[in-house]
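Below is one structure, written out as structure tokens; the observations come after it.
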Amino acid sequence: MSNTARPRRSVLYMPGSNPRALEKAKGLPADALILDLEDAVSPDAKAEARRLVAEAVHSGDYGRRELIIRVNGLATPWGYDDLKAAAEAAPDAILLPKIDSAKDIHDAEELLANIGLADKTALWCMMETPLGILHAEEIAGASEGLAGFVMGTSDLTKDLHAHHTAMRLPMLTSLSLCILAARVFGLAIIDGVYLDLSDDEGFRASCRQGLELGFDGKTLIHPKQIAGANEIFAPSAEELDFARRIIEAHAAAEAEGKGVVLVDGKLVENLHVENAHRLVTMSEQIAALDGGSA
């Protein structure tokens, strides 16, 4: 399965220092959880959060959900201990914050090589600094162990002295540069959070824009946002019907030795077939996730 075919419609941040939230997350229909040791945890709670998150991952109680641990940066007092605990917990991924360059990835990998990292655990990067955005291509190609980007749009907006606007025009250059880099190197890429929990339609509009831009899903700050993200980032029934007909028509044409395939009067090329397979695979993965997530 392609790295980008795995469902990541809804990626929910969960504070690592809150045992009730970690327990509640076991029953939430999010595709992925970011168990956070960084921004959501106060300095005096870092050590306890590290223990709670490691226990949560070890519990095996989160079903098929993708579990990602966000650590503190290596330059902080907590970074090394976070990285060690995360590696030992063996989540699906470790999310590195405030990545500025390929060197940041290499530094983390050097430490992880000494600690020992499970084969199943990938690295993900927060893309949230102006320097990181300018180095997006370099970062995306830094390591075969890198599997995804997460946009940190709140920090990035602050650093750019930009404004939060409905259409996110101040962010489009940064978002697009990261999408380009992610797609070149086959990485998943998840859109930033929507902060106004009282604005449901604004949230849905932000999800639709993220889908149109090319994101795989959206990071969330509250469980109430899960349903909207899951709906909008999932392939629609119409898309799946068309995708299956593309696959069938292409297979029939190949069997007959035909070089040209038309579906609903539209020329079908290999790129359409590849995308059709991606959508069908994602739909199957969503069905498996929804059926076995509790």
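Below, the figures for the structure above:
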{"quantity": "Positive-end extreme of charge dipole, the chain - chosen from Cys178, Gly291, His58 (charges on Cβ)", "calculated": "Gly291"}
{"quantity": "Unit charges at the beta carbon, dipole of the chain: most positive-side option, Leu83, Ala108, Ile190", "calculated": "Ile190"}
{"quantity": "Among Ala45, Ala227, His163 the positive-end extreme of the charge dipole of segment 10-233 (Cβ point charges)", "calculated": "Ala227"}
{"quantity": "Efficiency of FRET between Lys103 and Ser176 - r from beta-carbon atoms, R0 30 angstrom, step 0.05", "calculated": "0.80"}
{"quantity": "Proxy reagent accessibility, fewest Cβ within 10 Å first, across Asp119, Asp92", "calculated": "Asp119, Asp92"}
{"quantity": "For segment 225-294 versus segment 113-168, the gap between their alpha-carbon centres in whole angstrom", "calculated": "29"}
{"quantity": "Footprinting exposure proxy for Lys218, Lys158, Lys120, Lys98 (fewest neighbouring C-beta atoms within 10 Å first)", "calculated": "Lys120, Lys158, Lys98, Lys218"}
{"quantity": "Chain lengthening between Ser236 and His161 when straightened (0.36 nm per residue, less Cα-Cα)", "calculated": "23.3 nm"}
{"quantity": "Order of Leu213, Leu35 under a 10 Å beta carbon neighbour criterion, fewest first", "calculated": "Leu213, Leu35"}
{"quantity": "Förster radius 30 Å - calculated FRET efficiency between Val184 and Arg20, Cβ distance, rounded to 0.05", "calculated": "0.15"}
{"quantity": "Length released on extending from Arg51 to Asp200, taking residue separation times 0.36 nm less the Cα-Cα span", "calculated": "50.2 nm"}
{"quantity": "Test item: Cα-centred dipole of the chain, Lys/Arg +1 and Asp/Glu -1 on Cβ, debye", "calculated": "380"}
{"quantity": "Kyte-Doolittle mean at least -0.5, axial Cα span of 24 Å or more - DSSP H helices of the chain", "calculated": "237-255, 270-292"}
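Bear in mind these aren't lab numbers, they're just calculated from the coordinates by the rules spelled out. Remember, it's a predicted structure, so these values are computed and weren't measured experimentally. Reconstructed Cβ throughout: ideal geometry from the backbone, glycine too, with neighbour counts over all protein chains shown.
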